[in-house]
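The values are calculated or read from the model by the stated rules, or taken from the named source; none is laboratory data. Quick caveat: nothing in here was measured; it's all calculated off a predicted structure. We place every Cβ from the backbone using ideal geometry, glycine too, and count neighbours over all the protein chains shown. Please note that ligands, DNA and RNA were not included when accessible areas were found on the heavy atoms of the full protein model with its side chains. Shrake-Rupley method; radii C 1.70, N 1.55, O 1.52, S 1.80 Å.
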Amino acid sequence: MTSFSFFEKARVEWSTSEDARELKARLTDAVKQRKLVGVRNIVCFGLGGPECWVINNPNVQLTDDMKRKGYGNRSLIQHVAALFMADVITQASENQEKVQVYSQEPMYRSHDITALEAHGIHVLDARLHEGFIKVGGDTLVFVVGDGTPILRVLCETTRPAAIICALIRQHEDINGAHAVLKLLDSEYEERVDWPPFSLPPFHPHPGGMGAVTELAKYGQKPLQGVTIRWLKPEFNS
């Protein structure tokens, strides 16, 4: 199977999931209640390479057998979820122009970029920090993994319309987490229970059979452990 066929498989898996239905309901409600307004693009950080499960070891080469067993699907699902968010916001906002999806990720390889671009995700150059340049008041930021360094930069430069990211550990001041949280709390409304995905929060032993077993038992949970922050009304356009 190619990157293209795996992407389509991920689309089907996501579209039929309970997670997708919940995400659509929450985003649609946010648009209708004007908590989320004026979004023209989604900028993603840290989604990982579409075919690389062990994101801390980009040198791992997945075999066809490993791909068939599900390795790498979590990252693909996250990309599909970003496209899904764009479609939902476009429809709920009744925009004439479709919300665009952009992604900055240093792990993307040439064939990853080809597949992503073909499916509607515009790849930004991580070396030039194009993701940070792209973010504005008309942006929903989607961050996977440790988003504190990314959020710190964004807080120093701009205020996106909304931020979907992993919960920041409040008891540790890693990468200036305390300062970031203070600013976010003052300018954003938080939904810490959004979306209410089930366990497991992390897949044990990434790349091993344990991860495949967990997927088979619980299904894909691409936004597990995330929270969402809406820009408070006085900052909304």
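Within region 96-135, take every residue that is of a type outside the set (D, E, K, R), assigned to a loop (DSSP other than H, G, I, E, B) and open to solvent by 60 Å² or more (accessible area, probe 1.4 Å) and give me the one that is nearest to G46 (Cα to Cα). Out of the qualifying residues, it is P106. When region 20-57 is filtered for residues that are under 22 Å from I121 (Cβ atoms), open to solvent by less than 70 Å² (accessible area, probe 1.4 Å) and at pLDDT below 75, the ones remaining, listed by number, are G49, P50, E51, C52, W53, V54.
Against the conditions (1) open to solvent by less than 30 Å² (accessible area, probe 1.4 Å); (2) modelled with pLDDT under 70; (3) out of contact with any Lys or Arg (no Cβ under 7 Å at 6 or more places or on another chain), where does I164 fall short? Just the number, please. The number of the failed condition is (2). Inside region 12-40, residues that are part of a helix (DSSP H, G or I), hydroxyl-bearing (S, T, Y) and over 17 Å from the mean Cα position of the chain (by Cα) make up a count of 1.
Contact map, region 127-147: residues that are among the small types (G, A, S) paired with residues that are surrounded by fewer than 16 Cβ atoms within 10 Å (Cβ to Cβ) and assigned to a loop (DSSP other than H, G, I, E, B), Cβ distance under 8 Å, separation 6+ or inter-chain. Pairs shown: G136/T158; G137/G38; G137/T158; G137/S237.
Among the numbered conditions (1) open to solvent by 20 Å² or more (accessible area, probe 1.4 Å); (2) in a loop (DSSP other than H, G, I, E, B); (3) not small (G, A, S), the only one that P149 does not meet is (2). Can you find even one residue in region 175-186 that is modelled with pLDDT of 65 or more, within 27 Å of R11 (Cβ to Cβ) and not aromatic (F, W, Y)? No.
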